[in-house]
1. When you check Gly166 against the structure, is it under 25 Å from Asp44 (Cβ atoms) and either free of Cβ contacts under 8 Å to residues at least 24 places away in the same chain or charged (D, E, K, R) (or both), yes or no?
2. Looking for whichever is touching a residue at least 24 places away in the same chain (Cβ under 8 Å), open to solvent by 10 Å² or more (accessible area, probe 1.4 Å) and assigned to a strand (DSSP E or B) here; the options are Lys134, Lys70. Which one fits?
3. Looking at region 47-85 only, could you name the residues that are in contact with a Leu (Cβ under 8 Å, 6 or more places away or on another chain) and under 24 Å from His224 (Cα atoms)?
4. Looking only at strands (runs of 3 or more DSSP E) that fall completely inside region 138-204, which ones have 2 or more residues that are polar (S, T, N, Q) and either modelled with pLDDT of 95 or more or open to solvent by 50 Å² or more (accessible area, probe 1.4 Å) (or both)?
5. Please find, among Ile73, Ile9, Ile3, the residue that is modelled with pLDDT under 95 and among the β-branched types (Val, Ile, Thr).
6. Inspect all residues belonging to region 49-65 and state whether any of them is farther than 23 Å from Asp141 by Cβ and at pLDDT 95 or above.
7. If you go through region 77-98 one residue at a time, do you hit one that is open to solvent by less than 10 Å² (accessible area, probe 1.4 Å), under 16 Å from Pro146 (Cα atoms) and among the polar types (S, T, N, Q)?
8. Considering each of Tyr17, Tyr63, Tyr83 in turn, give the residue that is of a type in the set (Ser, Thr, Tyr), in contact with a strand residue (DSSP E or B) (Cβ under 6 Å, 6 or more places away or on another chain) and within 27 Å of Gly104 (Cα to Cα).
Amino acid sequence: MNILVLQHIDCEPPAAYGSALAARGHVLLPVEVDEGEPLPDWRDFGAIVAMGGPIGVYEDAAYPWLVAEKQLIGDAVRAGLPYFGACLGVQLLAAALGGRVYAGETPEVGLLDVMLTEAGLRDPVASILPPTFKALQWHGDTFDLPEGAVSLFSSPAYANQGFRFGEVAYGIQFHLEVDQQLADDWAQIPAYKTAAETVLGPGGLDQLLAGVLEHSERMLPHAHVLIDAWLDQILEHGHV
């Protein structure tokens, strides 16, 4: 199927998710919404994948294209189109479905534990991951669950780390898809660097990058099995 990829900065592509999707024969069609590329008709696609970026979902005045993007996501997901969002992608999903997205008390940055909720342990997609696992966190915003959503993941800092809406729309706050090169690229983005150094202090950014290298051998396979489980869920429910 053709998959619409919503990107919000050049250095946040689908990465490991994209390679897993392509390996199964799907065609990824990226749109750089932050660069002013027009949003296509979602009805022309079999699924949407939305990635991260250094902006707030609520910054409509600074980034007017957010209004149309949230409308597209809300319309598509409510119509049953499969969706997978990471970091900003889950915040967009929450906002598009009526959930509140806002700045958290403190940025969550580092290679940190994520836990499956009770519902996550029973979910056909989320449960493919271990009950507790390490993931890369690099965000300052968080969200409230929209009405009808099922919480799948949590962390000690933020209870809402991912959810399902309907049968085939999923979003996660954390990153599993990032390799060392991509993390190095993120470290050059002022907003990301500031978030990291605010939490980790001087030298903390270097430790974070070293942590990505240390844990990527486990995180990247987790990314592959998670996106594969999502695709299997789509197939099971007859969307492709």
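1. Considered against the rule, which asks whether it is under 25 Å from Asp44 (Cβ atoms) and either free of Cβ contacts under 8 Å to residues at least 24 places away in the same chain or charged (D, E, K, R) (or both), Gly166 comes out as no.
2. Lys134
3. Once the filter is applied, which keeps residues that are in contact with a Leu (Cβ under 8 Å, 6 or more places away or on another chain) and under 24 Å from His224 (Cα atoms), region 47-85 yields Ala47, Ile48, Val49, Ala50, Met51, Gly52, Gly53, Ile73, Val77, Tyr83, Gly85.
4. Result: 150-154.
5. Ile9
6. No; the residues of region 49-65 include none that is farther than 23 Å from Asp141 by Cβ and at pLDDT 95 or above.
7. Yes, that holds for at least one residue.
8. Tyr83 is the lone residue from the list that is of a type in the set (Ser, Thr, Tyr), in contact with a strand residue (DSSP E or B) (Cβ under 6 Å, 6 or more places away or on another chain) and within 27 Å of Gly104 (Cα to Cα).
The values are calculated or read from the model by the stated rules, or taken from the named source; none is laboratory data. On a predicted model such as this, the values are computed, not experimentally measured, just so you know. For neighbour counting, all protein chains shown are included, and Cβ atoms are generated from backbone atoms with ideal geometry for every residue, glycine included. Only protein heavy atoms, including side chains, enter the accessible area calculation; ligands, DNA and RNA are left aside. Shrake-Rupley method; radii C 1.70, N 1.55, O 1.52, S 1.80 Å.
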